[in-house]
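S.K.: To start, I am sharing the structure in question, which I have written as structure tokens.
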Amino acid sequence: MRRAWAYVVSLAALALVFSPVLRPSQRDSFPLSTYPMFSYDRGRQSALPTAVGVTVDGEIQRLSPELISGGYEPVRAFATVEASIAKGDTADLCREIAERTVKSRSGDFVAIEVVTEVHDVVGWFQGDKEPSQRVVHARCALDADPVVTR
Amino acid sequence: MSALTRRTFDRFDSRFMEAVPARRLATLRILVSAFATVFLIVRSSYLFDISGLPAARFDPVGVLGWLGEPLPLWLVKCTLAFAVACGCASIVGWRYRVTGPLLAVSFLLLTTYDNSWQHVAHTENLAVLHLAVLAFAPAADAISLDERRSSRPAAGAHARYGWPVRLMSMLTVVTYVVAGIAKQRNGGIHWITGDVLRNQIANDNLRKIVLGDTYSPLGARMVAHAWLFPPMALATMVIELGAPLALLRGKVRTVMVGAMWMFHVAILGVMAIVFIYPLTLVAYAPLLRPERLADAIESRVRARRLRPASSAV
């Protein structure tokens, strides 16, 4: 009886962990995952959504993941901006980031921009650091309401 | 059933139901519970930060998929405190039949909540699964307060301690196989022969740079050398799809466990991604003989206790 119980429990557990592979929808979940990380070909030209700070001189400076998404995980910051662009609520996200930036008193920024930068990801590490395309989705002055630009 | 099938099953059965010392399962209880407890404590500030995000950023997954809105922060804090308390109780093996399942459930809920903010990470999955197996196993029959309270004689080797360890080992290797299948499904043979891995490493590091985070200088340097990546991709596929070899005995197991660990060290080196559960080796403990660690610690403690007495003589 104990032996049968051991086999039933083990088979059920293994089937559960393997089941995401057989699922028609490849939407990832937790803790039963398809483990899709690093599996897709992202190509050399990559659109990277992010948010940046703009100084009084118009200089663009990088913000930390904490300022962008409220947590230190860079992948979550990336996912937050990506999802916001997809949902069309970049103005809200811009405002959230602006609030966090003001609260943390980090940087000397006059505005925050939610942007997508298109880079040759391999070329970047060989010196080609300018994005081939830059789309500003929302811009918000640190003391004014955000403007949706796209 | 043919004779061959019968023989194969009998061999599998004798290995799967093999008697192992109660101390092995108990050591796993201590290691995995300690990992989960420390992980929750270290992760708490992050969890509290993201719990305060606007509801629009909430995208529940898994067992919390039904939640319509984020939980109140006080509830997250209370659950975390409760989970840490259960974690401490599980480490020392206090009323483990209750505290073990409670730790497993609260760790599942907290890590699921952590992953319900528009991004699913893949760092705590295996720890959740291992805790679940331990929760329903007699993992506190040795090295525990429960054992001290009990009037039963010390637990020795038995099959009931063996199969949960084998199941934990199998779950470990299956997660690697699933990851390998995803790479073949989404990238095909091009994942090995093409530039997929190179682009991934370049993409991941540049993404960190545009998000103002720490990136890997080693990965950034390697990106210039395209020839490095097909062998690395092939090694990745061999390790992921070949992970079941770690269930064998002897040198094959040692080599495979070493290769799986090195794989995560390499990911840390070229992408600055920390898969903390495998990097601490706790993920591989079921594949090894973790009770040796407990034995070594106990004999050291015993030696220290004896030293003052002997020096007095």
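S.K.: Give me the one-decimal Kirkwood hydrodynamic radius in Å for the stretch B:208-278, with the sum taken over alpha-carbon pairs.
M.R.: It is 13.6 Å.
S.K.: With label points built 7 Å along Cα→Cβ from the Cα atoms of B:SER150 and B:LEU71, find their separation and express it in nm.
M.R.: Going by the 7 Å Cα→Cβ label model, 3.2 nm.
S.K.: What does the convex hull of the alpha-carbon atoms of chain B project to on average, in nm²?
M.R.: Approximately 23.1 nm², given one-decimal rounding.
S.K.: Please work out, to two decimal places, the log10 of the ratio I(q)/I(0) at q = 0.20 Å⁻¹ from a Debye calculation in which every Cα of the stretch B:27-109 carries one identical scatterer.
M.R.: Taken in order of the listed q values, log10 I(q)/I(0) reads -0.90.
S.K.: Moving on to the next point. On average, how many beta carbons from a partner chain sit within 10 Å of the beta carbon of a residue in A:8-17?
M.R.: Mean shielding by partner chains, rounded to a whole number: 4.
S.K.: Hey, what's the per residue convex hull volume over the C-alpha atoms of the stretch B:111-235, in cubic angstrom?
M.R.: About 186 Å³ per residue, rounded to a whole number.
S.K.: Can you pull the three principal axis extents for the Cα set of the stretch B:181-313, in Å, largest first?
M.R.: Taking max minus min along each principal axis of the Cα atoms, the stretch B:181-313 gives 70, 39, 21 Å.
S.K.: Under a Cβ-only charge scheme (Lys and Arg +1, Asp and Glu -1), can you give me the dipole magnitude of the protein assembly as shown about the Cα centre, in debye to the nearest 20?
M.R.: Approximately 2720 debye in magnitude.
S.K.: Something else now. Per residue of B:182-189, count partner chain C-beta atoms within 10 Å of its C-beta, then hand back the mean as an integer. Present the calculation step by step, with values, prior to reporting the outcome.
M.R.: Details: counts 12, 6, 1, 6, 7, 4, 1, 0.
The per-residue average across the peptide is 5.
S.K.: Moving on. Using θ = phi - 60° and the Karplus curve 6.51 cos²θ - 1.76 cosθ + 1.60, what whole-Hz ³J(HN,Hα) does each residue of the stretch A:117-122 get, with Gly and Pro shown as x?
M.R.: Rounded to whole hertz, the list is 10, 9, 10, 7, 5, 6.
S.K.: Could you give the length gained on full extension between A:GLN45 and A:TYR7, defined as 0.36 nm per residue of separation minus the Cα-Cα distance, in nm?
M.R.: Taking 0.36 nm per residue and subtracting the Cα distance, the gain is 8.8 nm.
S.K.: Say we join alpha carbon atoms closer than 10 Å with springs in a Gaussian network model of chain B; which of B:HIS190, B:HIS130, B:HIS264 then has the biggest fluctuation?
M.R.: Its mean-square fluctuation being the largest, the pick is B:HIS190.
S.K.: 5 Å is the cut-off here: which amide hydrogens, built 1.01 Å from N in the peptide plane, fall below it relative to A:LEU48, excluding neighbours closer than 5 in sequence?
M.R.: So A:LEU48 has HN proximity to A:GLU117, A:VAL118, A:HIS119.
S.K.: So which residue, out of B:ARG300, B:ARG95, B:ARG289, gets the largest mean-square fluctuation from a GNM of chain B using Cα contacts under 10 Å as springs?
M.R.: B:ARG300
S.K.: Inside 10 Å of the C-beta atoms of B:55-64, what's the mean count of C-beta atoms belonging to other chains?
M.R.: Other-chain Cβ atoms within 10 Å of each residue's Cβ, averaged: 4.
S.K.: Run the simple label-point estimate for A:GLN126 and B:LEU281 please: 7 Å along Cα→C-beta, distance reported in nm.
M.R.: 4.1 nm
S.K.: Continuing with the same structure: Note down the net charge around B:PHE263, summing +1 for each Lys or Arg and -1 for each Asp or Glu among other residues with Cβ under 14 Å from its Cβ. Let's see the in-between values first.
M.R.: Values: positive: B:LYS183; negative: B:GLU240.
My count for the surroundings of B:PHE263 gives 0.
S.K.: Which residue fluctuates most in the GNM of chain A (Cα springs below 10 Å): A:VAL81, A:VAL110, A:VAL56?
M.R.: A:VAL56
S.K.: Less than 25 Å apart at the alpha-carbon level, and either on another chain or at least 8 residues along: which lysines does that give for B:LYS208?
M.R.: Cα-Cα hits under 25 Å: A:LYS87, A:LYS103, A:LYS129, B:LYS183.
S.K.: Suppose every Lys and Arg Cβ carries +1 and every Asp and Glu Cβ carries -1, with no other charges. What dipole size does the stretch B:35-182 come out with about its Cα centre, to the nearest 20 debye?
M.R.: It comes to approximately 520 debye.
S.K.: As a check on your grasp of the helix formula, calculate [θ] at 222 nm for the protein assembly as shown: sum -39500 (n - 2.57) over DSSP H runs of n ≥ 4, divide by the residue count, round to the nearest 500.
M.R.: -19000 deg cm²/dmol
S.K.: Using modelled amide H (1.01 Å from N, peptide plane; none on Pro or chain starts), what sits under 5 Å from the amide H of B:HIS158, excluding residues fewer than 5 places away?
M.R.: B:VAL20, B:ALA22
S.K.: Using only the Cα atoms of chain A, construct the convex hull and provide its projected area averaged over every direction, in square nanometres to one decimal.
M.R.: Values: hull surface 52.3 nm².
If you wrap the Cα atoms of chain A in a convex hull and average its projections, you get 13.1 nm².
S.K.: Let me ask another. Charges on Cβ only, +1 for Lys and Arg, -1 for Asp and Glu, centred on the Cα centroid of the protein assembly as shown; of B:VAL120, B:VAL32, B:PRO70, which one is farthest towards the dipole's positive end?
M.R.: B:VAL32
S.K.: Can you give the charge dipole size of the stretch A:11-100 about its Cα centre, rounded to the nearest 20 debye, using +1 on the beta carbon of Lys and Arg and -1 on the beta carbon of Asp and Glu?
M.R.: On the way: 9 positive and 11 negative charges, 84 e Å.
Value, rounded to 20: 400 debye.
S.K.: Using the per-residue mean of other Cβ atoms lying within 10 Å as a proxy for protection, in what order, highest first, do the peptides B:9-20, A:95-106 fall?
M.R.: A:95-106, B:9-20
S.K.: Taking just the alpha-carbon atoms of the stretch B:2-145, what radius of gyration and Dmax come out, in angstrom?
M.R.: When restricted to the Cα atoms of the stretch B:2-145, Rg and Dmax are 18.5, 63 Å.
S.K.: Sketch the reach of a paramagnetic label on B:THR214 as a point 7 Å from Cα along Cα-to-Cβ, and name the residues of the stretch A:39-76 whose backbone nitrogen lies under 19 Å away.
M.R.: Answer for this model: A:62-76.
S.K.: Separation between the B:ASN186 and B:CYS78 pseudo-spin-labels, each 7 Å from Cα along Cα→Cβ, expressed in nm?
M.R.: So the label points at B:ASN186 and B:CYS78 sit 3.8 nm apart.
S.K.: Something else about it: Below 8 Å, C-alpha to C-alpha, sequence gap of six or more: please give me the relative contact order for chain A in percent.
M.R.: Here the relative contact order equals 21 percent.
S.K.: Over its Cα atoms, what ratio of radius of gyration to 2.2 N^0.38 Å does the protein assembly as shown give?
M.R.: The protein assembly as shown yields a ratio of 1.10.
S.K.: Taking θ as phi - 60°, what are the ³J(HN,Hα) couplings along the stretch B:117-132 by the Karplus curve (6.51, -1.76, 1.60), each to the nearest whole Hz, with x for Gly and Pro?
M.R.: Values per residue, Gly and Pro as x: 10, 6, 8, 9, 8, 10, 9, 9, 3, 5, 5, 4, 5, 5, 4, 5 Hz.
No lab work stands behind these numbers, since they all come straight from the coordinates. In this text, all values refer to a predicted model and were calculated from it rather than measured experimentally. Backbone-built Cβ (ideal geometry, glycine too); neighbour counts: all protein chains shown.
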